[in-house]
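Data block below; observations after.
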Amino acid sequence: MNIPKHIAIIMDGNGRWAKKRLLSRIQGHQKGVKVVREMVKNCGLLGVKTLTLFAFSSENKNRSTEEVTLLFKLFLTVLQQEVKKLNKHNVKLKIVGDMSLFPEEIQKKAKDAQKLLAKNTGLSLIIAANYGGKWDIAQAAQKAAQAVADGYIQPESINEDIFDKYMSLAEEPEVDLLIRTSGEQRISNFLLWDIAYSELYFTDTLWPDFDKSELDKAISSFNNRDRRFGVRKDKAC
Ligand code: IPE
Ligand code: IPE
Ligand code: MG
């Protein structure tokens, strides 16, 4: 079995999962967090190098104040509760996105957690929070423009490899497999630049129901893909 080096997941369907059970949306998000925990464990055991999770999109801040506030609280609780466990399991953590939206307490906890886990050498866990694929490209363009203005690089030297260095996932391997749960078949402004050649896997399963067997199904589907990268093995014309 070929294990993807980098898996990215759009964890969707928490609200619908809760609605089906007459629970509140936040209870759906709470169950979603439990699944994240399992997924981190399982990806670590499988030998996945990087797991990037879409936790909160740039657009999600336009949800009701109540839901956004509760999501922020949940994020803070998770940061407080999980860091020690992540450290014990040698997980490295990186949070990508425009963190300035978050309350200062969360920004500080997020910084501290990343600092504590920075030296770890196991699974790289990337959490995309207030993240948008367009935001990421725009912030990279700003940094590249600044480097030109400061005389570090020439405009004509900006190519794909140089530009990539300014993207949030610069240090990570290419995304091999992008999974979206809950039946929607769109990117919703998640990774754009980084999924140029990813394999896409859509499942109707709602995120709170996404377990190890669902992960195995996604990886087995990945194994049946013929990744050609534009090139034909058969050289005949
Ligand atoms: C995904 O679940 C989690 C976040 C976007 C924070 P949703 O909250 O989008 O759940 P649905 O799509 O309404 O079911
Ligand atoms: C994408 O889900 C964002 C996350 C999973 C964090 P959404 O539920 O926000 O996306 P849309 O509204 O279906 O496009
Ligand atoms: Mg959704």
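Filtered by the rule that a residue be surrounded by 21 or more Cβ atoms within 10 Å (Cβ to Cβ), among the small types (Gly, Ala, Ser) and in a loop (DSSP other than H, G, I, E, B), the range 94-131 gives a lone residue, 97.
Quick one: is residue 64 among the polar types (S, T, N, Q), over 23 Å from residue 201 (Cβ atoms), within 16 Å of ligand 3 (Cβ to nearest atom) and surrounded by fewer than 16 Cβ atoms within 10 Å (Cβ to Cβ)? Yes: the conditions hold for residue 64. Residues satisfying the criterion are absent from the range 144-156 (criterion: within 22 Å of residue 6 (Cβ to Cβ) and either among the β-branched types (Val, Ile, Thr) or within 16 Å of ligand 2 (Cβ to nearest atom) (or both)).
Yes/no matrix, rows are residues, columns are (1) small (Gly, Ala, Ser); (2) in a helix (DSSP H, G or I); (3) more than 14 Å from ligand 3 (Cβ to nearest atom):
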| site | (1), (2), (3) |
| --- | --- |
| 143 | no, yes, yes |
| 147 | yes, yes, yes |
| 156 | no, yes, yes |
| 162 | no, yes, yes |
| 178 | no, no, yes |
| 185 | no, no, no |
| 190 | no, no, no |
| 197 | no, no, yes |
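On the given criteria, is residue 49 within 16 Å of ligand 3 (Cβ to nearest atom), in contact (Cβ under 8 Å) with a residue 24 or more places away in the chain, open to solvent by 70 Å² or more (accessible area, probe 1.4 Å) and over 19 Å from residue 181 (Cα atoms)? No. Under the condition of being of a type in the set (S, T, N, Q), within 15 Å of ligand 1 (Cβ to nearest atom) and surrounded by 15 or more Cβ atoms within 10 Å (Cβ to Cβ), the residues counted in the range 67-93 number 0.
Considering only residues that are in a loop (DSSP other than H, G, I, E, B) and either surrounded by 22 or more Cβ atoms within 10 Å (Cβ to Cβ) or within 18 Å of the chain's Cα centre (by Cα) (or both), which ones fall in the range 1-46? Matches in the range 1-46: 3, 4, 5, 11, 12, 13.
The values are calculated or read from the model by the stated rules, or taken from the named source; none is laboratory data. Every value quoted in this text rests on a predicted model; they were computed, and no experiment measured them. With ideal geometry, Cβ positions are generated from the backbone for all residues, glycine too; neighbour counts draw on all protein chains shown. The area values use the complete protein model at the heavy-atom level, side chains included, leaving out ligands, DNA and RNA. Shrake-Rupley method; radii C 1.70, N 1.55, O 1.52, S 1.80 Å.
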